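Have a look at the structure below before the remarks.
The values are calculated or read from the model by the stated rules, or taken from the named source; none is laboratory data. This structure is a prediction, so every number in the text was calculated from the model and none was measured. Because the Cβ atoms are built from the backbone with ideal geometry, glycine has one as well, and the counts that use them run over all protein chains shown.
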Amino acid sequence: MPTRPRPSGRRAAPSNSSPAAPPADLNGGGVFDLVLDAAASTAELAASLRDLAGLAAERLRYGDVDAVGEAMRKGWEAKRQLAAGISNAEVDMAVERALEAGATGAKLTGAGGGGFLLIICPMERQRAVRESLADMRELPVKLDLLGSRIVLNVLRDIWS
């Protein structure tokens, strides 16, 4: 199996100016679809999932925040093809409701029959998405350089 070069770990210095436009091959227009269309086998599908994340990260570097939701949604659609039992009717319906309410992406995280339904949406659609998922418990999250961590998890609703 061919190997891919590892990233150098170097990052560009932060800039105070607006990011330049992304290269043409990262500039939307179904680029995420092209990655998935090329996948045929499980190994190829898994590689495509990795490539989706890379494309989203690259587009995010150019300020395209919407790329995260699009990649998340496409990645979830692809992941469901990997094996039976990755999703169920309840999760599928929740994802569908969230997307119909204006979410740009949704996916199930975690492993072994537990986890979270992670939803991303524009600020102006948050109320509609929350209402579409009112039967589910919300756990507010924020982005952090250290990655995901559960800081506090209580059974009673302390957020409202």
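In the stretch 85-117, the residue that is surrounded by the fewest Cβ atoms within 10 Å (Cβ to Cβ) out of those that are touching a Phe, Trp or Tyr at 6+ places or on another chain (Cβ under 9 Å) and either closer than 16 Å to A71 by Cβ or acidic (D, E) (or both) is T109. Among the residues of the stretch 68-123, the ones that are in a helix (DSSP H, G or I) and either at pLDDT below 95 or of a type outside the set (D, E, K, R) (or both) come to 22 in all. Would you confirm whether any residue within the stretch 24-37 is under 17 Å from the mean Cα position of the chain (by Cα), at pLDDT 85 or above, among the acidic types (D, E) and outside any loop (DSSP other than H, G, I, E, B)? Within the stretch 24-37, none of the residues are under 17 Å from the mean Cα position of the chain (by Cα), at pLDDT 85 or above, among the acidic types (D, E) and outside any loop (DSSP other than H, G, I, E, B).
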